[in-house]
1. Can you give me the % of accessible surface on the stretch 291-371 that is carbon or sulfur? Probe 1.4 Å, all protein chains present, nothing else counted.
2. In the stretch 314-411, if the dipole is taken from +1 on Lys/Arg beta carbons and -1 on Asp/Glu beta carbons about the Cα centre, which of 361, 395, 345 is farthest to the positive end?
3. Taking the alpha-carbon centroid of each part, what is the distance from the stretch 258-329 to the stretch 368-411 in angstrom?
4. Taking 1 over the mean of 1/r across every pair of different Cα atoms in the stretch 255-411, what Kirkwood radius in Å do you get?
5. Which of the lysines could a cross-linker span from residue 363 if the Cα-Cα distance has to be under 22 Å and same-chain partners fewer than 8 positions apart are dropped?
6. Take every Cα pair under 8 Å in the stretch 283-389 that's 6+ residues apart, average their separations, divide by the length, and report that relative contact order as a whole percent.
7. Give me the aspartates and glutamates in straight-line cross-link reach of residue 124: C-alpha distance below 13 Å, same-chain residues under 8 apart excluded.
8. Take peptides 235-242, 117-124 and line them up by average Cβ neighbours within 10 Å, highest first, as a rough protection proxy.
Amino acid sequence: MFFAFLDIKLFPINKAVVYSTPPLFSLHTKPLFLRPISSVPLCSSLTNTSGLYPQTDLSPVTLTKSTSSNGDSYVVSYLIDSCGLSPEIAISASKKLEFETPERPDSVLDLLRTFGFTDTQISKLVRKQPKLLLANSEKTLLPKLEFYQTFGVSRSDLLRVLSGDANMLLRSLENHIIPSYNFLKSVLKSDKKVLYAMKRTSWNVSADYTNYVVPNIAVLREFDVPESKIGLLLTHHPEAILKKPEHFKEIVNMVKEMGFDPSKSTFLQAVHAIGKSNKSIWDRCCESFGKWGWSRDEILSAFKKQPHCMILSEKKIARGMDFIVNKMGWYSKDVARNPTILLYSLEKRIVPRCLVIQVLSSKGLLEKDLNLSTILMPPEKWFLERFVISYEKEVPHLLGVYQRKVDILEL
C-alpha cells in the first residue's frame, strides 16, 4: 500500500496563523463589525491569468533570420502564417513535422474550416498535436468527423470537444473510437449522457477501454457498486479508472477496508481521491489541516465525509480556512464537520453568501445563530429565496451585495 492512512502526523497549531486577525463577526456571539468584508473581489491579482498562455495571432508574421535558424524554416513559417502559432511554439512544433509542400496540411486546414472549426480552435489543435497536419483529410479525418455527427452531438459541442483533444481525430475509427463509444453508451445507456460525458472530458472517447476501463469497471461490479454510480464516475472522473487494473483493485480494496459503503457516492469519490493522490499530497493536506487544529480522528472523519478534501491544494485550504475562521468567526472544527465547504469557490460562493449574512446580521434581521452548513451548503436558489428575496423590502440592495455590485459600506 502506498498510503498509511492511519498513520497521520499531527502538526502543531500555528496560532499566529489561525488567530492572526480578529473575526469580522462571530455567529456564536453578538456580531462585532470591526472591519466589514470588502465587496471587492478577493485576491484580484490571482485571478488575472493573462500571459499564462501564449496568445494566438492569426495575422501573417514575418519570419526573422534568427527564427528560421531553428528547425525547418519552411515548416516554421507555415505554422506561423497558416496555423496562428507563435514563433516560439512553431519552432518547437516543427521538430515533430516534415513536409516541403503545403498540399496535405492545407487540405487538413480546409476540411477543419469547412466543418466549422474556428482559427483559434485550429491553432489549439495544431499546438497540441502538430502531426494532425500530416493526416489524410479524406481517409483519416473526414470519416471520424462524420461519425461524431451521427449520435446527436450539436456542432458547437462537437467542435468544443474535438478541439480539446486531437487524438479523437487520429485514433482508429474501427478499432478504437467506435468500440469505445459503444462501450460508453452501454454503461451510460443514452446518447444524452454520452454527450454530457463528452462535454466533461474527451477522455471518455479517446481512452483505452479494453486494457483499462473494462477490467476496472468489472472490479467495481465485483464490489456491488451500483451501475448508476459507475456511470457517474465514468462521466465526472473518468481518469479514476484509467489505471492499471492491479493498481485500481488495490485502491478499491483500500477504500472498502476504510469502511466506505460501495452503494454510496462517497465510495467512488474516495476511489478517485486516492487514485489522484499520493503520500506527499496526503501528508501535505494532513499538515495543512493540522495547523488549524484538526485532530487525527477529525481528519479521517472529514475524509470519509468528503474524500476530495484530501486532494485540495495548500493554497485553497489556507484561503478557505482563513476566511471562514479568521474573517467570519466560525470555529475550525465547524469546517471539519462540513469539509465539502472547502471545495466551494471562495469568490463565487463563500464570500457572496457571507456578505449577505453580514448585512442581515448587522441590521438585526437574523433572530438566531446560523451554522456554517445552513449558509454555504444549500443550492443557490434556496439561499437566494431564504436570505435575499425574503429581505428585499428591508434591504433593497441586498441582491446587489450578493452579486458584488454594491459595497456593504454603502448600505
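The values are calculated or read from the model by the stated rules, or taken from the named source; none is laboratory data. As the structure is a prediction and not an experimental result, all values here were calculated from the model. Counting neighbours? That spans all protein chains shown, and the Cβs are built from the backbone with ideal geometry, glycine included. SASA here: full protein model, heavy atoms, side chains in, ligands and nucleic acids out. Shrake-Rupley method; radii C 1.70, N 1.55, O 1.52, S 1.80 Å.
1. Values: 1490 of 3150 Å².
The C+S portion of the solvent-accessible surface of the stretch 291-371 is 47 percent.
2. It is 345, whose Cα lies furthest towards the positive end.
3. What the calculation gives is 28 Å, centre to centre.
4. Working: mean 1/r = 0.0589 Å⁻¹.
Over the stretch 255-411, the inverse of the mean reciprocal pair distance is 17.0 Å.
5. Hits, sequence-local ones excluded: 30, 327, 393, 405.
6. Numbers: 76 pairs, mean separation 27.1, N = 107.
Taking the mean separation of contacting Cα pairs over the length of the stretch 283-389, I get 25 percent.
7. Candidates past the 8-residue exclusion: 57, 165.
8. Working: 235-242: 19.4, 117-124: 17.6.
Descending mean neighbour count gives 235-242, 117-124.
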